[in-house]
1. Would you check if A220 is farther than 21 Å from R91 by Cα, at pLDDT 95 or above, in the same structural domain as V118 (by TED's automatic domain parsing) and crowded, with 18+ Cβ neighbours inside 10 Å?
2. Of all residues in the stretch 62-77, which are aromatic (F, W, Y) and within 15 Å of the chain's Cα centre (by Cα)?
3. Out of the residues in the stretch 262-307 that are away from ligand 1 (no atom under 16 Å from the Cβ) and among the hydroxyl-bearing types (S, T, Y), state the one that is farthest from G241 (Cα to Cα).
4. When the residues of the stretch 122-148 are narrowed to those that are surrounded by 11 or more Cβ atoms within 10 Å (Cβ to Cβ) and part of a loop (DSSP other than H, G, I, E, B), which ends up farthest from ligand 1 (Cβ to nearest atom)?
5. Could you list, in sequence order, the residues of the stretch 78-133 that are among the basic types (K, R) and within 17 Å of the chain's Cα centre (by Cα)?
6. Show the residue pairs meeting these rules: Cβ distance below 7 Å; 6+ apart or different chains; first residue within the stretch 318-334 and closer than 16 Å to A287 by Cα and free of Cβ contacts under 8 Å to residues at least 60 places away in the same chain; second residue charged (D, E, K, R) and in a strand (DSSP E or B).
Amino acid sequence: MKICVMPGDGIGKEITPQAVRVLQALGIKAEYEEAPVGGEGYRASGHPLPEASLKLAKESDAILFGAIGDFSLDTLPRELRPEQAILGLRRELNLFANFRPALVYPELVHASTMKEEVISGLDLLIVRELTGDIYFGQPRAIHTLPNGEREGYDTMRYKESEIIRVAHVAFQAAQKRSKRLCSVDKANVLETMQLWREVVTAVAKEYPDVKVEHMYVDNASMQLLKNPKQFDVILTGNMFGDILSDAASMLTGSIGMLPSASLNEKNFGLYEPIHGSAPDIAGKNLANPLATILSAAMMLRYSFAMGAEADHIEAAVKKVLAQGYRTGDINEPGAKLVGTKEMGDAVIVAL
Ligand code: IPM
Ligand code: MG
């Protein structure tokens, strides 16, 4: 197995090594090759997704990704900004199905700003479409109108085939969970989303065992805060999924706990924590590596069919939380406050 490791920017460089250490401690026989992306990629070779990095990604069996984002490069033209690395990988590798679980660990109930009864026991999965929608739709531009005023525009668009394939992924995920799926759209206002609802409704007929519900995104954002446990699998488009998954992460206490998997048709995947590069705490051994370690577990499960090994990692994470180890983002009085590397050590000991 060849795993392409893309640490990226900021805390990415601190958290990915911990996940690699955990995989090694587990005895996973793999070759790890590192490639620069994001601001690092730009500095190394003038592009956020250097050709050599993309090539390595394509030749590997899975990608372990850290985080990208660097404020000092935000003034670059859009195509050179760090974010283009992850958007380019998603597009080039056709990683259309994004799994974003949000799980509340009993030990972290108090780290959430939400009331305990609202979130305790929460376990939901957002399936976000990742290669279409307004993120990639053409045309898009900032142009100047005849009167000299500038106008910016983007295009929200989905082809039936794009909706169908991600819907199947989500329904199949629902079949393996509690057989409930909520498709989130904005069919009351947008043509694209009316099509989304029609197509999801049609695909649903192939999964009679899954109970389907459709919800407008504004209501879904409200329901997610009001009563998140009503959800099991949430299926949604690229932009709504971006927003709802950040909201869902906060139910769990810290965005530093949430892993993700982005898969293509062949189950080739990119695995990354859903948080960003956190430049404010970068380089200080403060970042929480657990989301990346849990992303490595998802890699074993989805790309390498090593479910038992993935279970071990997840159990080890639960154990360190039960033992009271906490990074700053999830710290509480009486806990054992540790740094990034020490949290990695604790997981390895628990393994
Ligand atoms: C995410 C991020 C990305 C997105 C950014 C970094 C381009 O917010 O993975 O959710 O918007 O998809
Ligand atoms: Mg996001």
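The values are calculated or read from the model by the stated rules, or taken from the named source; none is laboratory data. Just so we're clear, the structure is a prediction, and the values are computed from it rather than from any experiment. FYI the Cβ positions are ideal-geometry reconstructions off the backbone, even for glycines, and counts take in every protein chain you see.
1. Values: farther than 21 Å from R91 by Cα: yes; at pLDDT 95 or above: yes; in the same structural domain as V118 (by TED's automatic domain parsing): yes; crowded, with 18+ Cβ neighbours inside 10 Å: yes.
Yes.
2. Narrowing the stretch 62-77 to residues aromatic (F, W, Y): 65, 71.
Result: F65, single match.
3. Restricting to residues being away from ligand 1 (no atom under 16 Å from the Cβ) and among the hydroxyl-bearing types (S, T, Y), the top hit is S303.
4. Out of the qualifying residues, it is L122.
5. From the stretch 78-133, those among the basic types (K, R) are 78, 81, 90-91, 100, 115, 128; that's our starting set.
Those that are among the basic types (K, R) and within 17 Å of the chain's Cα centre (by Cα): R90, R91, R100, R128.
6. That search, which allows pairs on different chains as well, returns Y325/K336; R326/K336.
Condition check ((1) within 15 Å of ligand 2 (Cβ to nearest atom); (2) at pLDDT 95 or above; (3) part of a loop (DSSP other than H, G, I, E, B)) across all residues:
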site	(1), (2), (3)
G256	yes, no, no
K266	no, no, yes
Y271	no, yes, no
A287	no, yes, yes
A297	no, yes, no
